[in-house]
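**Student:** The structure is given below, and queries will be raised subsequently.
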Amino acid sequence: MGTITWPEGIDARPIDKGDAEAWAELLAAREKVDQEGENYDADDLIEELEDAQLDTSRDTVGLWAGGRMIAYGKVYASSSVVDVARIRTEGTVHPEWRRQGIGTAMLRWLIQRAGEVHTEKHPDTKGEINTATISTNVGADRLLRTFGFEECRYFFDMKRPLDSAVPEAALADGLRLAQFDPVMDEDLRVTHNEAFRDHWGSTPRDPESWKNWVTGSRAFRRGQSYVVLDGDTIAAYVLGYEWVADTEATGIKELYIGQVGTLRDYRGRGLARATLAKVLTEAVQAGFQRAGLGVDADNPTGALGLYEGLGFSIHSKWITYRLPL
């Protein structure tokens, strides 16, 4: 764990799959206080640890006291870079253990490890650390600023109850909607990389990370994922997910819209609206009670207005912070 000094009485070690239940309990305790709207079970967290880009022995740390995980930290970097090597960090401290210097020590560890990851993976590219927190977490904001982090981007978490009618939206002649089929997977990955090329912070997904985080994720819902086809070309797409742990924690069955993309040559023709309308309709039929999604406040394609036009409203605001390396 480098030269970081942890508070007395706390054991620090990398997180492995056997820690997933304890990790999930820590995150559940955080959610009760911080109200971020995120709930995960042990299987979700095991899936995170299986990411090939994550060296769990060096990129994760769990802090333990009295047989419980009381804090964790994780550092992640994509294998590809577009403009800046963004090293992403996350972590939390159990609410009962806050304001005892643990968060400060954890942030020192995250910064140290992020610098090492940058040197190891992208030494010839300008780098920065990115981390995000819900805007209501005043303590996290204060701590990050103490270490020199600055706000750099804002995101909205949006929700839409599915008890109201979904607006109708039609496609132009020659285009058709189709439910996702695994045979489309590679073409969809390529389309996604192209569609998100002008989105802040996005880097191309290789086949392995695409499988791990997108269509191979246990949360992915094929029945609520659709593409727009122009012949054999995937022109647009909307992909849906469901986190079982979230449904169990909230009592609300929510379809999370994880990706909405349209190729540049097809933008401005209502493809995203039509695809979203189809996905929302399918969600209602499948028994979902609410839809949710996240959007960059400065999205270059006007996505915020699109979502508001389909009945979504802002539920919470997230802030991404940066620290140059």
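**Student:** Karplus couplings for the range 96-103 from phi (6.51 cos²θ - 1.76 cosθ + 1.60, θ = phi - 60°), rounded to Hz, Gly and Pro as x?
**Tutor:** Once rounded to whole Hz, the list reads 6, 10, 7, 6, 10, x, 6, x.
**Student:** Looking at the square roots a ≥ b ≥ c of the eigenvalues of the Cα gyration tensor of the range 254-300, which shape do they give, rounded for a/c under 1.5, prolate if a/b is larger than b/c, or oblate?
**Tutor:** oblate
**Student:** Given q = 0.07, 0.14 Å⁻¹, what are the Debye log10 I(q)/I(0) values for the chain, with equal point scatterers placed on the Cα positions and solvent ignored?
**Tutor:** Log10 I(q)/I(0), no solvent term: -0.30, -1.19.
**Student:** What are the ³J(HN,Hα) couplings of the range 45-59, residue after residue, when phi is run through the Karplus curve with 6.51, -1.76, 1.60 and θ = phi - 60°? Round to Hz, x for glycine and proline.
**Tutor:** Each residue of the range 45-59 in turn: 6, 4, 4, 4, 5, 8, 4, 5, 7, 9, 8, 4, 6, 10, 9 Hz.
**Student:** Another one. Which entries of K74/K211; K17/K253; K17/K74 show an alpha-carbon separation above 25 angstrom in the structure shown? Don't skip to the answer; put the middle values down first.
**Tutor:** On the way: K74/K211 21 Å; K17/K253 27 Å; K17/K74 14 Å.
Violating the 25 Å limit, Cα to Cα: K17/K253.
**Student:** In whole angstrom, how long is each semi-axis of the equivalent ellipsoid of the range 130-206, when you take the square root of 5 times every eigenvalue of its Cα gyration tensor and sort them from largest down?
**Tutor:** The equivalent ellipsoid of the range 130-206 has semi-axes of 36, 21, 11 Å.
**Student:** Calculate, for I314 and W200, the FRET efficiency according to 1/(1 + (r/R0)^6) with r their C-beta to C-beta distance and R0 22 Å; round to the nearest 0.05.
**Tutor:** Numbers: r = 19 Å, r/R0 = 0.85.
E between I314 and W200, to the nearest 0.05, is 0.75.
**Student:** Using a ≥ b ≥ c from the Cα gyration tensor of the range 158-317 (square roots of the eigenvalues), is it rounded, prolate or oblate, where a/c under 1.5 gives rounded and otherwise the larger of a/b and b/c decides, a/b for prolate?
**Tutor:** In terms of gyration-tensor shape, rounded.
**Student:** Turning to a different aspect of this structure: Note the full-extension length gain between R267 and D181 as 0.36 nm times their separation in residues minus their Cα-Cα distance, in nm to one decimal.
**Tutor:** Extra length from R267 to D181 when fully extended: 28.6 nm.
**Student:** Set the Förster radius R0 to 22 Å, insert the Cβ-Cβ distance between K211 and D83 as r into 1/(1 + (r/R0)^6), and round the FRET efficiency to 0.05.
**Tutor:** Given R0 = 22 Å and the Cβ-Cβ separation, E is 0.30.
**Student:** Continuing with the same structure: Using the Karplus curve 6.51 cos²θ - 1.76 cosθ + 1.60 with θ = phi - 60°, what ³J(HN,Hα) values do you get for each residue of the range 299-309, in whole Hz, with x for Gly and Pro?
**Tutor:** For the range 299-309, the Karplus-derived couplings read 3, x, 9, x, 5, 4, x, 4, 5, 4, x Hz, x marking Gly and Pro.
**Student:** For the range 11-148, would you read off the P(r) tail past 24 Å as a percentage of all alpha carbon pairs? Don't skip to the end; give the middle numbers.
**Tutor:** Working: 2769 of 9453 pairs.
Summing the P(r) tail past 24 Å for the range 11-148 gives 29 percent.
**Student:** Among V33, V93, V190, which one moves the most in a GNM of the chain with springs linking Cα atoms closer than 10 Å?
**Tutor:** V33
**Student:** First select every other residue whose beta carbon is under 11 angstrom from the beta carbon of T203; then total the charges, Lys and Arg +1, Asp and Glu -1.
**Tutor:** My count for the surroundings of T203 gives +2.
**Student:** Here's another thing I want to ask about it. What residues have an amide H closer than 5 Å to that of I70, excluding those fewer than 5 places away on the same chain, when H is modeled at 1.01 Å from N in the peptide plane?
**Tutor:** Under 5 Å from the amide H of I70 lie the amide H atoms of L63, W64, A65, each far enough along the sequence or on another chain.
**Student:** Over what distance in Å are the Cα centres of the range 209-285 and the range 64-139 separated?
**Tutor:** 29
**Student:** Provide the net charge surrounding E186, with neighbours chosen by a C-beta distance below 14 Å and charges set as Lys +1, Arg +1, Asp -1, Glu -1.
**Tutor:** Net of charged neighbours comes to -4.
**Student:** Something else about it: Can you give the net charge of the other residues whose Cβ lies under 13 Å from the Cβ of L306, counting K and R as +1 and D and E as -1?
**Tutor:** After counting each charged neighbour, the total is +2.
**Student:** Continuing with the same structure: Can you work out the FRET efficiency for the pair D11 and E38, with r the C-beta to C-beta distance and R0 = 25 Å, to the nearest 0.05?
**Tutor:** Computed FRET efficiency for D11 and E38 comes out at 0.45.
All of the numbers you see were taken from the coordinates with simple rules; none came from a lab. All values derive from a computational prediction rather than experimental measurement. Positions of Cβ are generated from backbone atoms using ideal geometry, with glycine treated the same way; all protein chains shown enter the neighbour counts.
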